[in-house]
Amino acid sequence: YGDASQKIDYVFKVVLIGDSAVGKSQILSRFARNEFSLDSKATIGVEFQTRTLVIDHKSVKAQIWDTAGQERYRAVTSAYYRGAVGAMLVYDITKRQTFDHIPRWLEELRSHADKNIVIILIGNKTDLEDQRAVPTEDAKEFAEKEGLFFLETSALEATNVETAFLTVLTEIFNIVN
Ligand code: GDP
Ligand code: MG
C-alpha cells in the first residue's frame with residue numbers, strides 16, 4: 001500500500017454515496033487498509049482516507065470521502081461533492097430498497113458535482129448471494145442507460161473492491177491525460 005516518501009503526480013477526490021448500511025465504510029476500509037469489520041460503527045468520524053497507487057508510471061493519490069452518517073436524502077452537503085472527480089454509488093444486493101434509491105442519489109450527485117464526474121454503480125455484499133434481492137441484470141441495464149460503470153463487490157471477501165476503485169481512477173486518469 002501507499003509509500004509516503006514518493007512524489008505525488010495526481011490527487012483524485014472520489015466520494016462514496018448510497019443508503020446507510022450498504023457497506024460504504026467497509027468498501028473504503030478494504031481499499032485503504034485491507035481491513036474489514038462485521039460490526040462497523042455507523043459513523044467512523046473520519047472524513048476521508050487515502051491510498052497512493054501507480055497508474056501508467058505516475059503516482060496517484062486517491063482521496064476517498066465517506067459520508068459519516070449523513071445518508072438521509074439531501075443531508076449530504078455540497079462541500080462533500082466539491083472537487084470530486086469520481087463517485088461510487090453503492091447499494092446492497094440483498095436490500096431492494098437501497099437499489100430503488102439509486103436514481104435519487106444519482107440526481108443528487110448530478111446536481112452537486114462536476115458534470116464530467118466519473119461514476120461507478122456498485123452492488124455490494126455478493127457473499128450473501130442466497131439473500132440476493134437485486135438481479136445483476138437490473139443493475140447492469142440501469143447503469144448502461146445512465147452511462148455508469150457497474151460492478152458487484154464484496155467488501156467482506158474483498159471481491160472486486162480493488163477493481164472498482166481502479167476502474168474509476170484509471171478512467172479519471174485517462175480523462176486528465
Ligand atoms: P455504510 O453505512 O454504508 O458505511 O455501511 P458499513 O460499511 O458500516 O456496513 C454496514 C454493515 O454491513 C456492517 O455490519 C458491515 O460489516 C456489513 N458489510 C459491509 N460490507 C459487507 C459485505 O461485503 N458483505 C457482508 N456480508 N456484510 C458487509
Ligand atoms: Mg459508513
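The values are calculated or read from the model by the stated rules, or taken from the named source; none is laboratory data. No experiment lies behind these values; they were computed from the predicted model shown. Glycine gets a Cβ as well: all are built from the backbone with ideal geometry, and neighbour counts include every protein chain shown.
The figures follow:
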read-out	value
Meets criteria (surrounded by 14 or more Cβ atoms within 10 Å (Cβ to Cβ), within 16 Å of ligand 1 (Cβ to nearest atom) and at pLDDT 90 or above) for D9	no
Sole exception among (1) within 29 Å of L38 (Cβ to Cβ); (2) of a type outside the set (S, T, Y); (3) loosely packed, with under 15 Cβ neighbours inside 10 Å for K145, by number	(1)
Any chance G123 is at pLDDT 95 or above, on the phi > 0 side of the Ramachandran plot and more than 16 Å from ligand 2 (Cβ to nearest atom)	no
Single residue of the stretch 56-76 satisfying the filter (modelled with pLDDT of 90 or more and aliphatic (A, V, I, L, M)) that is farthest from T170 (Cα to Cα)	I64
Selected residue (only one of N116, N124 is of a type outside the set (D, E) and over 16 Å from G18 (Cα atoms))	N116
Residue within the stretch 147-167 that is modelled with pLDDT of 95 or more, over 29 Å from H57 (Cβ atoms) and in a helix (DSSP H, G or I) present	no
